[in-house]
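Engineer: One structure, as structure tokens, below. Some questions next.
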Amino acid sequence: MSTRHLTRGVSAGAIALAMLGAAQAQTALPDIRIGAARPTSSGPGAGAGAPVQAPPPVETDADADATIIDRKEIVAERPTAADTVKLLENAPGVSWYEGGGVSRLPAIHGMADDRLKIMVGGVEPTSACANHMNPPLSYIDPNNVDRIEVQSGVMPVSKGGDSIGGSILVTPRQPVFAPPANAPAVVVAPTGPFLLGSPYPPFNGQGLRFGAQNQILATGAISAFFRTNNNGITVSGTANVATDHWSLLYNGAWSRATDYHAGGGGEKVLSTNFISEQHSATVAYQNNGHLFSLRGAIENIPYQGFPNQRMDMTGNRAYTGDAKYFGTYDWGTVDARAFYHYVAHTMGFLQDKQPAYMPMNTIGKDYGYSIKTEIPFTQISGRDLLRLGSEFHGFNLNDWWEPVPDSMMMGPFTYWNINNGQRNRLGHYAEWEAAWTPKWSTLLGVRNDTVWMNTGPVAPYDWRNPIPMPGMGGMGMGMGMGMGMGMKMMGMPNPDAPAAFAFNTQYNGRTDINFDAVAKARYQHDDVSVYEFGYSRKTRSPNLYERYAWGVGSMAMAMNNWFGDLNGYVGNINLKPEIAHTFGVTGEWRDRNGAWEARVNPYFSYIENFITAERWTNISGPAGIPFVGMQFVNHEAAIYGVDASGRVRLWESPEYGRFSVSGNVNYAFGQDFDMPNYTYCGMSGTNCYLFARNFRTTDGLYHIMPLNARGALEHRLGGWSSAVELQLVDNKTHVSFARNELTTGGYALVNLRTAYDWGSVRFDLALENLFDTLYYPPLGGSYFTLAKATNNPWNYGPVPGIGRNFVAGMTVKF
């Protein structure tokens, strides 16, 4: 990292102290959570007649690898966030691949996308796109998020399944119920992980009362945010009408942005514009410890640019249904859910890439159920909890590319990339948590997931090989002959035709029997320190594209890419499931009086059959830049690192409020042990790539975030909150040589925030990238659009990050 960046960071700290003296900004980093959510007790808004929320599932304290982002932290972050992934930026160990404005791909400890289990309520959406432009978190707006749980490292089997990197569990806004108008709100604080039933935590808000006996309660909020750099606008609203047993909740949001401008001069970053619209409605009934709810949602993205992809999103419309039952019984609790998710997605070109017609369509359908029971008992350790669960997740995918009129390469027929692809998973698990002594507790779990998948026959644009093309005839000169020009037919090779024939003549069905296990021990030395150590075995089967993307032509391979590196990819039907063996240790320390807290988590994962890719051939890129065509393969790999986070209260007084410092540091290193040695190949092509497979070497794993840190100097006085944030990112030099991954330089960014909350009205102001620094996010990928638009290879490089951005927002609640 350059001295200039560090000097700016130190200077920003001095500016921050002066600004905070005036008490203006807002809390930015989340509290560190030891285990699950902290107990909820009555607060200022919990007076008589205050509405109550639907009961959440029972949580435990036995998981130190969990980070909880609650509603308070989400409210502080959402003014700058059009994408829900951005709400995760302060969670230890979390990074993301850059993509569209609302379609980033989150990563935990260097493992991203399908290596994570991502749930939105009870729904598990699958990316239905060869470029993964519609990932799970794109289906919920930040303003509709109530809570996020991030599981990393050694995690319970009950919160995993078909994933090796971790889990991101998003809870949408929950329905609010109205107690009797004159009845006091009774809230029972949880006393431990084995509490039967769930309390109804109070909802802070006045609400409006209707009806002859004021038995109907209405609550809601309207928010609007503006971001100057990309003319970004977000408008959102929520409304809830309820009695003591029935509740009807609506949430809606609309966001749009033009292309943003990079720092250090304000050059426009092409293909970063988008529009996103989301609506959801929930009807719920609760009575005597039982909750039934039905949620429906609609999402519409008319367009979304992707600077690191050859294509853009030109349409994405999704419909979701989610049913839930949660109940408490004498013997324990039941949490049952069922869901259906339908998406119609289209890729094409926005104006700043190339004004051409080349539609690529997908229709994806997710459906499934989950049932979980928690049963406390005392027969073994004295305080035991048994979790039993069953899950099913089905996914159906059709991916086809319509013929382009008057195109010899992309016609005359429809290209079928995935035809009736089916991926089903049935899982069962058992988990036993035991508190042996006041200091020692353990968690043991086993899980089985059976994954079976298949696909129908595929088709290229043209079955002919070669494809006849009109060409120039030869020129002849001779005695008795004049100069003439004729036409003859020339042939264009069409490797997709034999590839489709070979694909259709083989049996494509595959079944994987996967097993997961976890063993953790927790030692609470005293009220200050807690230590946890454990091992987990986690398994993930390939996705449909990794197994069934069959096209071997340059264009077909280039269209199958969700990595942002502009290379092309072809599937491998013989891929094995990934198996991650993860070892982790976590130490947590907290002052008895709440003055400070800290957490350190080193981890190591050895991954069998890690799904990566080997070079196969070369493909063309913008401005004549060559890229590589790759095939998915299994290798051995390892990822290790450490996350550290903490918070310290510096000073507090009634007159000047509370001053505190918080932050986190993250480091990860990934290594592939089986990559062919391409050192002497350069971009020479197929023969050298195949020969290099005889000489194996190590290589960096793709898109591993380098050493990075975040810190915030915070102040709070009454309804006024303040923060100055500093983000430091090291150079990224350990990259994937096989994929020609780009290196990036280190940088320092400074953000200023302020907010004032009157209870019913809140104002937010923020200034991101205070010094308008030009920087390149390490996981930003390759900047395709600029090289394409200018036809200049010198304009090829990493995607630059957003420059100085002023943010203003207002929220009105009732």
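Engineer: Name the residue farthest towards the positive end of the dipole of the range 292-423 from the options 377, 394, 334, assuming +1 on Cβ of Lys and Arg, -1 on Cβ of Asp and Glu, about the Cα centre.
Structural biologist: 377
Engineer: Let me ask something additional. Taking the Cα-to-Cβ direction at residue 386 and at residue 436 and moving 7 Å from each Cα, how far apart do the two end points lie in nm?
Structural biologist: Reported label-point gap for residue 386 and residue 436 is 2.0 nm.
Engineer: P(r) tail for the range 546-587, what percent of Cα pairs lie past 10 Å? Mind dumping the intermediate values first?
Structural biologist: On the way: 641 of 861 pairs.
Beyond 10 Å sits 74 percent of the P(r) for the range 546-587.
Engineer: Take the Cβ-Cβ distance between residue 814 and residue 231 as r, set R0 to 30 Å, and report the resulting FRET efficiency rounded to the nearest 0.05. All intermediate terms of the calculation are to be shown ahead of the outcome.
Structural biologist: On the way: r = 29 Å, r/R0 = 0.98.
Working from the Cβ atoms, E equals 0.55.
Engineer: So how far, in whole Å, is the C-alpha centre of the range 626-649 from the one of the range 406-425?
Structural biologist: So the separation of the two Cα centres works out to 32 Å.
Engineer: From the convex hull of the Cα coordinates of the range 498-554, what is the mean projected area in square nanometres? Kindly include the intermediate steps, with their values, before the conclusion.
Structural biologist: Working: hull surface 29.0 nm².
Approximately 7.2 nm², given one-decimal rounding.
Engineer: If you don't mind, another one. Run the numbers on the chain and let me know its relative contact order in percent, using alpha-carbon pairs under 8 Å that are six or more apart. Show your work: numbers first, answer last.
Structural biologist: Values: 2423 pairs, mean separation 108.3, N = 814.
This gives 13 percent for the chain.
Engineer: Given C-alpha coordinates of the range 284-351, what is the ratio Rg to Rh with the Kirkwood estimate of Rh?
Structural biologist: Values: Rg = 19.2 Å, Rh = 14.9 Å.
Expressed as Rg/Rh, it is 1.29.
Engineer: Using r as the Cβ-Cβ distance of residue 340 and residue 506, and R0 as 30 Å, what FRET efficiency do you calculate, to the nearest 0.05?
Structural biologist: Details: r = 32 Å, r/R0 = 1.07.
Efficiency computed from Cβ-Cβ geometry: 0.40.
Engineer: What FRET efficiency comes out for residue 245 versus residue 71 if R0 is 25 angstrom and r is the Cβ-Cβ distance? Round to the nearest 0.05.
Structural biologist: E between residue 245 and residue 71, to the nearest 0.05, is 0.55.
Engineer: Between residue 684 and residue 290, what length in nm is gained on full extension when 0.36 nm per residue of separation is reduced by their alpha carbon distance?
Structural biologist: Result for the pair: 135.3 nm of gain on full extension.
Engineer: Please list, short to long, the whole-number percent of alpha-carbon pairs of the range 63-154 in consecutive 10 angstrom bins beginning at zero.
Structural biologist: P(r) for the range 63-154, in whole percents per bin: 17, 54, 28, 2.
Engineer: Nearest 10 degrees is fine. How inclined is helix 496-505 to the longest principal axis of the chain, computing both from alpha carbons?
Structural biologist: 60
Engineer: In whole Å, what are the Cα extents of the range 498-604 along the three principal axes, biggest one first?
Structural biologist: Here the Cα extents, ordered largest to smallest, are 70, 32, 17 Å.
Engineer: May I pose another question? Given charges of +1 on the Cβ of Lys and Arg and -1 on the Cβ of Asp and Glu, with all other atoms neutral, how large is the dipole of the range 413-472 about its Cα centre, in debye to the nearest 20? Show your work: numbers first, answer last.
Structural biologist: On the way: 5 positive and 4 negative charges, 8 e Å.
Approximately 40 debye in magnitude.
Engineer: Also, quick follow-up: Once the other residues with Cβ under 9 Å from the Cβ of residue 430 are scored (Lys, Arg +1; Asp, Glu -1), what is the net sum?
Structural biologist: Details: positive: 387, 447; negative: 431.
Cβ neighbours under 9 Å give a net charge of +1.
Engineer: Determine the gain in length on full extension of the stretch residue 330-residue 448; use 0.36 nm per residue of separation and subtract their C-alpha separation, reporting nm with one decimal. It would help to have the intermediate numbers written out before the result.
Structural biologist: Details: separation 118, 0.36 × 118 = 42.48 nm, distance 2.85 nm.
Going from the current span to full extension adds 39.6 nm.
Engineer: Nearest 20 debye, what's the magnitude of the dipole of the chain about its Cα centre given +1 on Lys and Arg Cβ and -1 on Asp and Glu Cβ?
Structural biologist: Working: 60 positive and 68 negative charges, 103 e Å.
Dipole of the chain, to the nearest 20 debye: 500 debye.
Engineer: Checking the cross-link filter: which lysines have an alpha carbon closer than 20 Å to that of residue 353, excluding same-chain neighbours under 8 positions apart?
Structural biologist: Straight-line reach from residue 353, under 20 Å: 268, 788.
Engineer: Among the aspartates and glutamates, which fall within straight-line cross-link reach of residue 813, defined as a Cα-Cα distance under 19 Å, with same-chain neighbours fewer than 8 residues apart omitted?
Structural biologist: Qualifying aspartates and glutamates at Cα under 19 Å: 70, 73, 77, 141, 146, 757, 764.
Engineer: Next up: So what are the radius of gyration and Dmax for the Cα set of the range 660-806, in Å?
Structural biologist: Final numbers for Rg and Dmax: 21.3, 69 Å.
Engineer: Now a separate question. Could you calculate the contour length gain from residue 513 to residue 354, that is, 0.36 nm times the residue separation minus the distance between their Cα atoms, to one decimal place in nm?
Structural biologist: Working: separation 159, 0.36 × 159 = 57.24 nm, distance 4.51 nm.
The span from residue 513 to residue 354 would gain 52.7 nm if fully extended.
Engineer: Highest mean first, how do 588-601, 649-662, 742-755 rank when packing is the count of other Cβ atoms within 10 Å averaged over residues?
Structural biologist: Working: 588-601: 15.8, 649-662: 14.2, 742-755: 21.4.
Highest to lowest by the protection proxy: 742-755, 588-601, 649-662.
Engineer: Reachable aspartates and glutamates from residue 439, Cα under 15 Å, same-chain residues fewer than 8 places away excluded?
Structural biologist: 61, 63, 384, 526, 527, 532, 588
Engineer: Right, next: To one decimal place, what Kirkwood hydrodynamic radius in Å is obtained for the chain from all pairs of distinct Cα atoms?
Structural biologist: Details: mean 1/r = 0.0357 Å⁻¹.
Hydrodynamic radius (Kirkwood, Cα only) of the chain equals 28.0 Å.
Engineer: Ok, one more. Label-point separation (nm) for residue 268 and residue 254, each offset 7 Å from Cα along Cα-to-Cβ?
Structural biologist: In this crude spin-label approximation the distance works out to 2.3 nm.
Engineer: Given the convex hull over the Cα atoms of the range 766-814, what projected area results after averaging over all orientations, in nm²? Display every interim value, and only then the final one.
Structural biologist: On the way: hull surface 22.2 nm².
For the range 766-814, the mean projected area of the Cα convex hull comes to 5.5 nm².
Engineer: Evaluate the distance, in nm, between pseudo-label points positioned 7 Å from the Cα of residue 409 and of residue 596 along their respective Cα→Cβ axes.
Structural biologist: 6.2
Engineer: Working from Cα positions, state the angle (0 to 90°, nearest 10) between the long axis of helix 3-21 and the longest principal axis of the chain.
Structural biologist: That helix lies at roughly 30 degrees to the long axis.
Engineer: Tell me, what HN-Hα J-couplings in whole Hz come from the Karplus equation 6.51 cos²θ - 1.76 cosθ + 1.60 at θ = phi - 60° for each residue of the range 248-253, using x for Gly and Pro?
Structural biologist: The phi angles translate into 10, 10, 10, 9, x, 7 Hz.
Engineer: Then there is this: I need 735, 458 ordered by Cβ neighbour count within 10 Å, fewest first. Don't skip to the answer; put the middle values down first.
Structural biologist: On the way: 735 20, 458 24.
Fewest-to-most Cβ neighbours within 10 Å comes out as 735, 458.
Engineer: Can you report the principal axis dimensions of the range 362-404 using only the alpha carbons, biggest first, rounded to whole angstrom?
Structural biologist: 69, 13, 8
Only the coordinates and a few stated rules stand behind these numbers; no lab work does. Model, not experiment: these values are computed from the prediction. Heads up, the Cβs are rebuilt from the backbone with ideal geometry, glycines too, and the neighbour counts pull from every protein chain shown.
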